[in-house]
Amino acid sequence: MGSLREAIRKALTAGEVAGVVGLILEEGHPRPHLFTKEAIDELERLVVGDVRYPLAGVLLKIHRSDPEARLGIVARGCDERAVLELDRNEQLNGEGVVIFGIACTQEQANACQCAQPYPSSHLFGERAAPVSDSERFDRLESLSKEERFQYWMDQFGKCIKCYGCRNICPMCFCPDCVLEDNDLIKTGNIPPEVPIFHLVRAFHMAERCVDCGLCEEACPAGIPLRTLYKKMRNVVTTQFGFTPGITKEGKGPLQYLGDGEFGKQEGH
Amino acid sequence: MTNSVEELEDAACIMIIGSNTTASHPIVAMHIFRAKEKGAKIIVIDPRKTHIASYADLYLAEKSGTDVAIINGLLHIIIKEGWYDKQFVEERTEGFVELKTLLEEYPPARVAEITGVPEAQLRQAAEMFAKTKQSSIVYCMGITQHTVGVDNVLSLANLSMATGHIGKWASGVNPLRGQNNVQGSTDMAAIPNVLPGYQSLADDAVVSKFEAAWGVTLPRKPGLTLMEIMGAIGTGGIKALYVMGENPAVSDPDIQHVKKALEALELLIVQDIFPTETVALAHVVLPAVSFAERDGTFVTTDRRVQRIRKAIEPIGDTRPGWQIICDVAHAMGAGGFDFASPSEIFAEIASLVPLYAGISYERIAENGIQWPCPTKDAPSTVFLHKDRFSKGLGTFKPVAYKAPAELPDEEYPFILITGRDGFHFHTGSMTRRSKSLTAQINRCYVQIHPLDAKKLKIKAGQMIRLRSRRGAIEVEARITPIVQSGSVFVPFHFAETAANVLTNPALDPVVKIPEYKICAVKLEKAT
Amino acid sequence: MINYHTVYTTCPYCGTGCGMLLEVMNGRLVGVLPCKTNSINQGKLCIKGWSAHEFVHSPERLKKPLLRKDGRLEEVEWDEALSFIASKLKAITQTHGPDSFAALSSAKCTNEENYLLQKFTRAVIGTNNIDHCARL
Ligand code: SF4
Ligand code: SF4
Ligand code: SF4
Ligand code: SF4
């Protein structure tokens, strides 16, 4: 913690970055914050811990309002993966972002069933062992096709259409969201049209989802969204040899369809 | 709520009655989903097959306005079968014999006839609720917005006491409050018959305490309720009305009458953040700030006093509501309104209201505290009535079933139910200015059962004129089996096609709640 | 200089009372995040909560006191609005007594505001004619 704080302090005071996105503890609740040189004392209240917020999403928001500012982020593995994907989708200039990487605890990695519970660079903390199997995933895969279909239909039927899965997702950056398009999915119903709403989102995330699990954590209906999106990631990995957030170079397979402009065009 | 929202997760059986929970209180629904995941049985009683009903283990499709009959019917079975909690009834209640006598009149066959719920389902529900160790009741406006609203609430209390499902962890009676601070505005005595903290106007010691604190002599005669105030404008002597943050020109029943009343005032002061339909009728308008521009406290449906905090500066030349009232008081030359901040006001509240005595801004900085909290070191009261009821023994109040005030007839053959849509709130003054919500839905509709639609040759999307004895509105038809044949549903958030043009101002005789949930209408094709 | 911080508050809609973080950037609300460490909602919100910031900056907000002059509501300064209210209220209650006044408070306003409005009604005007619209 001390060395992380020091590194950020140095970068801020030296003017290497204009601000660093991380978590601050206030009124007993950790929450996202932009640490700056002007309020350097706030660094004393910087925290890392179990609570996770979409820091890469916050970074993107700040970047959009001030595209010139060079920003840093206190990043876990998934935050770094999100920065990489946002860069690939031309939302951020990844090279311009300074990563203050932190490794997740083994407990967190197990809870997330995370294949890469640490960022690749600038690491603070001990690396936990990757968890490559997901038993939640395997359990569902072992069901018959009909059982699996019924399982998902029951789960989707609980949806209260809060859009929390989309709102919290660091990779949901489209200016106009297909999930609000009345022609595709009728608006104004609870639950939304099952299973279209959820499958449209799943397809949309296939080559973007960095498996952070924030969507599932935000879902009031308790739908195992992360497992659904893991499936999509797997399909993309096996079909195209591309894993969002992990594959370093090149474009996503669907980006080729839109001549690299997919992320920008799909909002129509 | 006698319990906390989170406790519902641990309930083994939850009876939801008159609450469209996933639409109106979605995060309460989350805790119910979790309870179900852990094996709890869910019973839903509602005239509409709501989202949560489709998820229930048992759904009782009652006829509108027959809740007392259903609850009495369940109690009849529970007592006949000996499933009631004998120890609880003996030790903590009185009036059981009288209840039993009344219940004789509610055998399943009769109840099935009144309510439309088959006997077998009544039995199943009675057994499920009574025999489960930790059962909880959750209810909302579907129970209270009736001429028999109080009777409905009393019946639920009877059910929970007879089965001993009250005063325990995850077990109690849990009304869901529609608006963020219903609980707090009542706690603060924004009601005509008590002083803050439910302290009696008839109690000399209480009145002297307030008189000493405020330095005035207080009026002892209870005031008028909202509906009485509306009735007393003009002839009845009300000349000046101060409306803070409300929109009675849309929210009250029979609004055509309400608008006339508001127009008859000599002085209508309206304090609000948006130019509402009521603002349009005002003589003077005081622009207030939104929740994001001021400090203060709200009380949740489970009695939790929580902070709101100022996040941005007031927009334009607006002022926080608390400051505006102080400004008006100062302009009148009154003392006792010299507050520099809401925390000072809260300190005065805590000094006068025993339920809040132990609460301060410092104590609720991190997390809210659930009242009663009588002292500075008293913990949050997670659930009420643990070892005793506030009045000692709980009294059974036998209530007989009474039919709603206005039922369908030949001329007006449909029952109209009004209520919330999941994407909007109250009169829509905030939600209809939110793009994510208007993107979902931005015009009124009427839900019509497919059989009725077929009979009347109504197609989805067609404009329908709904007419009651009080007025008419034109709205778009949605054809759906959510409503029963013979009933239609209209949400009340849309001022331009206000459901309250139609509703019946008949009141519950005790608490004066209008019967928003039932009136008779007819359907005409508008195009 | 960019500024981004969050403010911990309570949802302005239903009585569940979910904890939320208002995202503030350069003095404007730019979003809402569910508070993850609040025991009621534990990092979740419904669609109304998620969009609670959207109406705040609406161009339709009332921004100035309004006073009816010749039948029309016109913008005035606070002092004018307040002294109009004071003189009118005094005249009405002196002629017709305190019970000619009534106040409608709001289940959307804070405890502090509800407390003050009933105090004003009872202690300054001298009537118990106060109610709120919570029954609706
Ligand atoms: S997904 Fe979980 S374990 Fe993996 S990096 Fe993110 S927080 Fe850590
Ligand atoms: S896990 Fe969910 S929130 Fe995270 S990137 Fe994938 S879809 Fe978005
Ligand atoms: S977070 Fe869950 S409930 Fe909300 S829209 Fe997404 S799937 Fe539906
Ligand atoms: S987020 Fe939804 S459920 Fe929570 S308080 Fe707000 S309106 Fe109610």
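The values are calculated or read from the model by the stated rules, or taken from the named source; none is laboratory data. Nothing here was measured: the structure is a model prediction, and the numbers come from that model. Because the Cβ atoms are built from the backbone with ideal geometry, glycine has one as well, and the counts that use them run over all protein chains shown. With ligands, DNA and RNA removed, areas are computed over all heavy atoms of the protein, side chains included. Shrake-Rupley method; radii C 1.70, N 1.55, O 1.52, S 1.80 Å.
Please go through segment C:28-67 and pick out each residue that is more than 7 Å from every other protein chain (Cβ to nearest Cβ) and among the aliphatic types (A, V, I, L, M).
Residues satisfying the conditions are C:Val32, C:Ala52.
As an exercise: evaluate B:Tyr412 against (1) open to solvent by 30 Å² or more (accessible area, probe 1.4 Å); (2) hydroxyl-bearing (Ser, Thr, Tyr); (3) touching a Lys or Arg at 6+ places or on another chain (Cβ under 9 Å) and give the number of the one condition it does not meet.
(1)
Do we have C:Ile2 as facing another protein chain (nearest Cβ under 7 Å), farther than 28 Å from B:Val270 by Cβ and within 16 Å of ligand 3 (Cβ to nearest atom) here?
Working: facing another protein chain (nearest Cβ under 7 Å): yes; farther than 28 Å from B:Val270 by Cβ: yes; within 16 Å of ligand 3 (Cβ to nearest atom): no.
Criteria not met by C:Ile2.
Being part of a strand (DSSP E or B), under 20 Å from the mean Cα position of the chain (by Cα) and under 30 Å from A:Ala39 (Cβ atoms) narrows it down to one residue among C:Leu67, C:Leu22; which is it? Walk me through it before giving the result.
Numbers: C:Leu67 fails: under 30 Å from A:Ala39 (Cβ atoms).
From the options C:Leu67, C:Leu22, the qualifying one is C:Leu22.
Got a sec? Which of A:Glu217, A:Glu207, A:Glu180, A:Glu193 is charged (D, E, K, R) and within 16 Å of ligand 4 (Cβ to nearest atom)?
Sole residue among the options that is charged (D, E, K, R) and within 16 Å of ligand 4 (Cβ to nearest atom): A:Glu217.
List the helices (runs of 4 or more DSSP H) inside segment A:60-143, counting only whole elements, that have at least 3 residues being more than 16 Å from ligand 4 (Cβ to nearest atom) and surrounded by fewer than 18 Cβ atoms within 10 Å (Cβ to Cβ). Spell out the reasoning first.
Numbers: elements: A:77-88, A:106-112, A:135-141.
Here the list reads A:106-112, A:135-141.
Between B:Ala213, B:Ala205, B:Ala282, B:Ala288, which is without any contact (Cβ under 8 Å) to a residue 40 or more places away in the chain and facing chain C (nearest Cβ under 10 Å)? Break it down stepwise before answering.
Working: B:Ala213 fails: without any contact (Cβ under 8 Å) to a residue 40 or more places away in the chain; B:Ala205 fails: facing chain C (nearest Cβ under 10 Å); B:Ala288 fails: without any contact (Cβ under 8 Å) to a residue 40 or more places away in the chain.
Criteria check complete, one pass: B:Ala282.
Check whether at least one residue in segment B:76-98 is closer than 26 Å to B:Pro450 by Cβ and either within 14 Å of chain C (Cβ to nearest Cβ) or not in a helix (DSSP H, G or I) (or both), and report yes or no.
Scanning segment B:76-98, I find no residue that is closer than 26 Å to B:Pro450 by Cβ and either within 14 Å of chain C (Cβ to nearest Cβ) or not in a helix (DSSP H, G or I) (or both), so the answer is no.
Can you tell me which of B:Thr418, B:Thr395 is of a type outside the set (A, V, I, L, M, F, W, C) and open to solvent by less than 10 Å² (accessible area, probe 1.4 Å)? I'd like the intermediate steps shown before the answer.
Working: B:Thr395 fails: open to solvent by less than 10 Å² (accessible area, probe 1.4 Å).
None of the others qualify; the one that does is B:Thr418.
Every residue, every condition in (1) of a type outside the set (Lys, Arg); (2) without any contact (Cβ under 8 Å) to a residue 24 or more places away in the chain; (3) farther than 26 Å from B:His165 by Cα, yes or no:
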position	(1), (2), (3)
B:Ser341	yes, no, yes
B:Ile345	yes, yes, yes
B:Ser351	yes, no, yes
B:Tyr356	yes, no, yes
B:Ile369	yes, no, no
B:Lys376	no, yes, yes
B:Pro379	yes, yes, no
B:Phe383	yes, no, no
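Answer with yes or no whether B:Ala439 is within 30 Å of C:Cys14 (Cα to Cα) and touching a Ser or Thr at 6+ places or on another chain (Cβ under 7 Å).
Working: within 30 Å of C:Cys14 (Cα to Cα): yes; touching a Ser or Thr at 6+ places or on another chain (Cβ under 7 Å): yes.
It is true that B:Ala439 is within 30 Å of C:Cys14 (Cα to Cα) and touching a Ser or Thr at 6+ places or on another chain (Cβ under 7 Å).
Name the single residue that is farthest from B:Gly316 (Cα to Cα) among those in segment C:44-60 being open to solvent by less than 10 Å² (accessible area, probe 1.4 Å) and in contact with a strand residue (DSSP E or B) (Cβ under 8 Å, 6 or more places away or on another chain).
C:Leu45
Using the structure shown, decide if C:Met1 is under 30 Å from A:Leu55 (Cα atoms), surrounded by fewer than 23 Cβ atoms within 10 Å (Cβ to Cβ) and more than 16 Å from ligand 1 (Cβ to nearest atom).
Numbers: under 30 Å from A:Leu55 (Cα atoms): yes; surrounded by fewer than 23 Cβ atoms within 10 Å (Cβ to Cβ): yes; more than 16 Å from ligand 1 (Cβ to nearest atom): yes.
So C:Met1 fits the description; yes.
Return the residues of segment A:146-169 that are buried (at least 20 other Cβ atoms within 10 Å of the Cβ), away from ligand 4 (no atom under 16 Å from the Cβ) and within 11 Å of chain B (Cβ to nearest Cβ); say none if nothing qualifies.
Hit for segment A:146-169 is A:Gln155, nothing else.
Answer yes if at least one residue in segment B:19-40 is of a type in the set (Ser, Thr, Tyr) and in a strand (DSSP E or B), and no otherwise. Full working, then the answer.
Initial filter on segment B:19-40 (of a type in the set (Ser, Thr, Tyr)): B:19, B:21-22, B:24.
Within this subset, residues satisfying the condition of being in a strand (DSSP E or B) are none.
No, segment B:19-40 contains no residue that is of a type in the set (Ser, Thr, Tyr) and in a strand (DSSP E or B).
Can we say B:Glu277 is part of a loop (DSSP other than H, G, I, E, B) and not assigned by TED's automatic domain parsing to the domain that holds B:Thr427? Can you show your working first?
Numbers: part of a loop (DSSP other than H, G, I, E, B): yes; not assigned by TED's automatic domain parsing to the domain that holds B:Thr427: yes.
So B:Glu277 passes the test.
Let me confirm something: among C:Leu33, C:Leu29, which residue is more than 16 Å from ligand 2 (Cβ to nearest atom), outside any loop (DSSP other than H, G, I, E, B) and either over 20 Å from the mean Cα position of the chain (by Cα) or of a type in the set (A, V, I, L, M, F, W, C) (or both)? Give the derivation first.
On the way: C:Leu33 fails: more than 16 Å from ligand 2 (Cβ to nearest atom).
The conditions single out C:Leu29.
Suppose we filter B:Lys49, B:Lys36 for residues that are out of contact with any Leu (no Cβ under 7 Å at 6 or more places or on another chain), farther than 21 Å from A:Tyr163 by Cα and within 16 Å of ligand 3 (Cβ to nearest atom); which single one remains? Reasoning before the result, please.
Numbers: B:Lys49 fails: within 16 Å of ligand 3 (Cβ to nearest atom).
Only one candidate passes the filter, namely B:Lys36.
For the subset of segment A:184-233 comprising residues that are among the aromatic types (Phe, Trp, Tyr) and open to solvent by less than 20 Å² (accessible area, probe 1.4 Å), which member is farthest from ligand 3 (Cβ to nearest atom)? Before you say what the answer is, go through the steps one by one.
Quick first cut of segment A:184-233, residues among the aromatic types (Phe, Trp, Tyr) only: A:197, A:203, A:229.
Right, trim to open to solvent by less than 20 Å² (accessible area, probe 1.4 Å) and you get A:197, A:229.
Working: A:Phe197: 7, A:Tyr229: 11 Å.
Applying the filter and picking the extreme gives A:Tyr229.
Please work out if C:Met25 is hydrophobic (A, V, I, L, M, F, W, C), facing another protein chain (nearest Cβ under 7 Å) and under 23 Å from A:Pro30 (Cβ atoms). Break it down stepwise before answering.
Numbers: hydrophobic (A, V, I, L, M, F, W, C): yes; facing another protein chain (nearest Cβ under 7 Å): yes; under 23 Å from A:Pro30 (Cβ atoms): yes.
Here the answer is yes, as C:Met25 does meet what is asked.
Could you count how many residues in segment A:36-57 are within 16 Å of ligand 2 (Cβ to nearest atom) and either over 19 Å from A:Ala82 (Cβ atoms) or facing chain C (nearest Cβ under 10 Å) (or both)? Talk me through it step by step, then tell me what you get.
Residues of segment A:36-57 that are within 16 Å of ligand 2 (Cβ to nearest atom), as a first pass: A:51-57.
Next cut, either over 19 Å from A:Ala82 (Cβ atoms) or facing chain C (nearest Cβ under 10 Å) (or both) only: A:51-54, A:57.
Residues in segment A:36-57 being within 16 Å of ligand 2 (Cβ to nearest atom) and either over 19 Å from A:Ala82 (Cβ atoms) or facing chain C (nearest Cβ under 10 Å) (or both): 5 in total.
Please determine, by comparing only the residues of segment A:1-33 that are part of a loop (DSSP other than H, G, I, E, B) and closer than 25 Å to A:Glu68 by Cα, which one is nearest to the other protein chains (Cβ to nearest Cβ). Lay out the reasoning, then the answer.
Filtering segment A:1-33 down to residues part of a loop (DSSP other than H, G, I, E, B) leaves A:1, A:14-18, A:27-28.
When the remaining residues are screened for being closer than 25 Å to A:Glu68 by Cα, the result is A:14-18.
Numbers: A:Ala14: 16, A:Gly15: 12, A:Glu16: 16, A:Val17: 11, A:Ala18: 7 Å.
Going through the qualifying residues, I end up with A:Ala18.
Which residue, of B:Thr22, B:Thr66, is open to solvent by less than 10 Å² (accessible area, probe 1.4 Å) and either within 27 Å of B:Glu119 (Cβ to Cβ) or hydrophobic (A, V, I, L, M, F, W, C) (or both)? It would help to see each step written out before you state the result.
Details: B:Thr22 fails: either within 27 Å of B:Glu119 (Cβ to Cβ) or hydrophobic (A, V, I, L, M, F, W, C) (or both).
Sole residue among the options that is open to solvent by less than 10 Å² (accessible area, probe 1.4 Å) and either within 27 Å of B:Glu119 (Cβ to Cβ) or hydrophobic (A, V, I, L, M, F, W, C) (or both): B:Thr66.
Can you find a residue that is open to solvent by 10 Å² or more (accessible area, probe 1.4 Å), in contact with a Leu (Cβ under 6 Å, 6 or more places away or on another chain) and assigned to a strand (DSSP E or B) anywhere in segment A:34-55?
Yes, segment A:34-55 contains at least one residue that is open to solvent by 10 Å² or more (accessible area, probe 1.4 Å), in contact with a Leu (Cβ under 6 Å, 6 or more places away or on another chain) and assigned to a strand (DSSP E or B).
Residue by residue through segment B:291-308, note down the ones that are free of Cβ contacts under 8 Å to residues at least 40 places away in the same chain and part of a strand (DSSP E or B).
B:Ile308
At least 1 residues that are more than 21 Å from the chain's Cα centre (by Cα) in each: list the strands (runs of 3 or more DSSP E) lying fully within segment B:420-527 that qualify.
Numbers: elements: B:445-448, B:463-467, B:472-479, B:487-491, B:504-507, B:519-525.
In segment B:420-527, B:445-448, B:463-467, B:472-479, B:487-491, B:519-525 are the strands (runs of 3 or more DSSP E) which contain 1 or more residues that are more than 21 Å from the chain's Cα centre (by Cα).
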